[in-house]
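The values are calculated or read from the model by the stated rules, or taken from the named source; none is laboratory data. These numbers come from a predicted model, not from an experiment. Note: ideal-geometry Cβ built from the backbone for every residue, glycine included; neighbour counts use all protein chains shown. We work out accessible area using only protein heavy atoms, side chains counted, and drop any ligands, DNA or RNA first. Shrake-Rupley method; radii C 1.70, N 1.55, O 1.52, S 1.80 Å.
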Amino acid sequence: CIIFFFQAEDGRRDHDVTGVQTCALPICFRYRLDEVAIDLHVAVPRDHVGLVAVLAIDSPETLRIRAAWEVDHSTMWPREAGHLGELQLAFSSSDAAIVWRDPADIMNAYAGFSQAVAAGNLGGRAIPSDARVDSLPGDQASAEEKAPEPSPQRTVWLDTDVSAGEAVPLTFVLAARAEDQTEARDEFRATLADPAAIWTANANYWREFLAKTVAIASPDPTLDEAFRWAKVGLGAFRMTTPGMGTGLGAGFASAKRAEEDSWAAANDFLRRPGYAWYFGRDGIWSAFAADAYGGSDLAEEALRFLARYQDVDGKILHELSPGWVAQYDAADSTPLFLLGLEHHIRTTGNRGLLRELWPSVRRAMDFLDTTDTDGGGLIEHTNVGHGWIEGGKFYGAHTTLYLAGVWTATLEAVARMAEWVVDDDLQQSAAERAQVARQALNDGYWDPLNRHYRYGKRGDGSYMDHRTILPAVPALLGV
C-alpha cells in the first residue's frame with residue numbers, strides 16, 4: 001500500500017483537499033486543492049510484482065510529494081510472519097530508490113521517483129544527503145558504499161519536489177523480483193523509462209480477452225458490464241508461485257494489523273492476505289465458469305495444477321499454501337476434480353489432455369472407492385473430510401445431499417470419459433454405480449411430508465433436516 005502526500009510551500013497538507021474523485025479512466029484519482037490539481041494514475045503489471053503511479057501535477061507553486069509505505073516480506077500461511085528475519089534496507093543514490101530484501105534473498109525490491117529525492121527515511125534512519133549506497137549485503141560493494149543495517153522498523157518514505165508549472169508527469173515505480181536483485185533493478189529502470197508500457201500491455205491483454213470470450217448483449221447494460229467484470233475478476237485469481245506452478249487462488253481478504261485486531265494478534269497468519277493460496281474445491285467451481293465464458297486456458301491450468309499435487313492415495317488437495325504446505329482434508333475436492341475435467345473436455349474437445357491425465361482419473365477413482373464404507377452407493381464425509389460446510393451447527397454429517405449430488409454427477413461424467421478413452425471396465429462400472437447413486441440421492445434425501453430435500457445423514461442413519469441452499473447443487477448438476 002503506497003500512500004502519497006503532497007504539501008504546498010505554505011504548509012497546507014493533503015488533508016485539506018475538498019474535492020477527491022475518480023477519473024473516467026480506470027484506477028485514477030483526482031485531487032483538487034484551490035489552484036492545485038493532481039491526477040494520480042495507478043497500474044500494476046500482469047507478469048511480475050510491481051506498481052507504477054504517474055502523477056500529472058498542475059500547480060502555481062512548488063509542491064513536495066511524499067510516498068510512504070511499509071516494507072513486509074512475510075511468507076504465506078502457515079509459516080510465521082517473521083520467518084525470513086529482519087529486512088535489510090538501503091538507498092541507491094544512482095537510482096534515487098529505496099532498496100530492500102530479506103536475509104534469505106527470497107524477494108528483492110526497488111521503489112522510487114523518476115527524479116531527485118529531497119529527503120527520505122529508512123525505517124527510522126534518515127537518508128543522508130550524500131548517501132551513496134548502491135548494493136546490499138552480500139553484493140560486491142565499493143569503498144564508497146555504506147552497507148545498510150537490518151531494520152526492525154518497516155515504515156519508509158521518500159520526498160521529491162515538483163516545481164511550479166512543471167509540465168513533465170512525475171512517476172513512482174516499485175519493481176520486485178524473486179532471488180535476483182539485478183533483475184529487480186533492471187525492471188525498475190525499464191519501467192521508469194517507459195511507464196506507459198504497462199498500461200499498453202494491460203489494455204492489449206484485456207482487449208484481446210474480451211474479444212475472444214463470451215459477451216452478453218441484453219436490454220440491461222448494467223448486467224452486461226457486471227458480466228464483463230466477473231470474467232476479469234475471475235482471471236485475477238490466477239496465481240503463480242515460483243517453483244510451484246500456476247493455479248487458481250480463492251480470494252484476497254484484507255490483511256489485519258495485530259495492534260488493531262485481537263484475533264490477528266493471536267493468529268499470525270491473518271497478517272497475510274486471507275485465502276490467497278490454492279484450493280481444490282474453489283479452483284474447480286471457478287474452472288466451470290472459466291470454461292463457460294471461453295477461458296479454457298485458465299481451466300486447464302487449474303486442472304493440471306491439482307493433478308500435479310494429487311496425493312499418493314489419489315486424493316485431490318483441499319488447499320495448498322505458497323508456503324509449501326498442502327492439506328487434503330476435503331471430501332469433495334476429488335470428485336469435483338473428475339467432474340471439472342469432464343466438463344473441460346466436453347467444452348473444448350481436448351482429448352489429448354484427457355489421455356494425459358487419465359492415470360490421475362484412475363487414482364482418484366481408486367481413492368473414492370474406499371470412501372463408501374457402508375455400501376450405500378454414496379461417498380462419505382466420515383474419516384474423509386468436509387464438504388461445502390466446514391463447521392458450525394450443520395457440520396458433522398456422515399454424508400450430505402451436496403456430496404451425494406457431486407458424486408452422482410461425477411460417476412456419470414467418469415462413464416463418459418471412460419468411453420472416450422475406451423476404458424470399458426471403468427465405463428461400465430461407473431455407469432452402473434451412477435444409477436445406484438442417483439436412486440439413493442432422490443429416494444433417501446427427499447422428505448415427502450415436508451416436501452424438501454434433507455441436508456444430510458448422520459452415522460446412525462437419521463437425517464438432518466436443516467434447510468439450506470445446497471439442494472441447488474445437485475439440481476444444477478442435473479441429478
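Here are the numbers for the structure shown:
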quantity	calculated
Packing-based order for 206-219, 231-244, 295-308, using average beta carbon neighbours within 10 Å, highest first	295-308, 231-244, 206-219
J(HN,Hα) series, the stretch 28-42, from Karplus relation 6.51 cos²θ - 1.76 cosθ + 1.60, nearest Hz, glycine and proline x	9, 10, 10, 10, 10, 9, 6, 8, 8, 10, 10, 9, 10, 9, 10
Inter-label distance, nm, simple model (7 Å from Cα along the C-beta direction), THR370/ALA37	6.9 nm
Whole-Å distance, taken between Cα centres, linking the stretch 77-116 and the stretch 197-215	32 Å
Ordering of 282-291, 336-345, 67-76, 29-38 by burial proxy (mean other Cβ atoms within 10 Å per residue, highest first)	336-345, 282-291, 67-76, 29-38
Efficiency of FRET between HIS466 and ALA126 - r from beta-carbon atoms, R0 60 angstrom, step 0.05	0.45
Residues of the stretch 32-73 with amide N under 14 Å of a point placed 7 Å along Cα→Cβ from ASN204	46-47
Calculated FRET efficiency for the pair ALA116/ALA56, C-beta based, R₀ 25 Å, to 0.05	0.85
Net lengthening on full extension, ASP105/THR347 (0.36 nm per residue, minus Cα-Cα)	82.8 nm
Rounded percent of accessible protein surface that carbon and sulfur make up, the stretch 304-387, 1.4 Å probe	48 percent
Ranked by how many other beta carbons lie within 10 Å on average, peptides 387-396, 40-49, 103-112 from highest	103-112, 40-49, 387-396
In nm, spacing of pseudo-spin labels at LEU449 and ASN383 (7 Å Cα→C-beta vector)	3.3 nm
Karplus 3J(HN,Hα) series, Hz, for the stretch 448-455 with 6.51 cos²θ - 1.76 cosθ + 1.60 (x for Gly, Pro)	x, 6, 9, 6, 8, 7, 6, 5
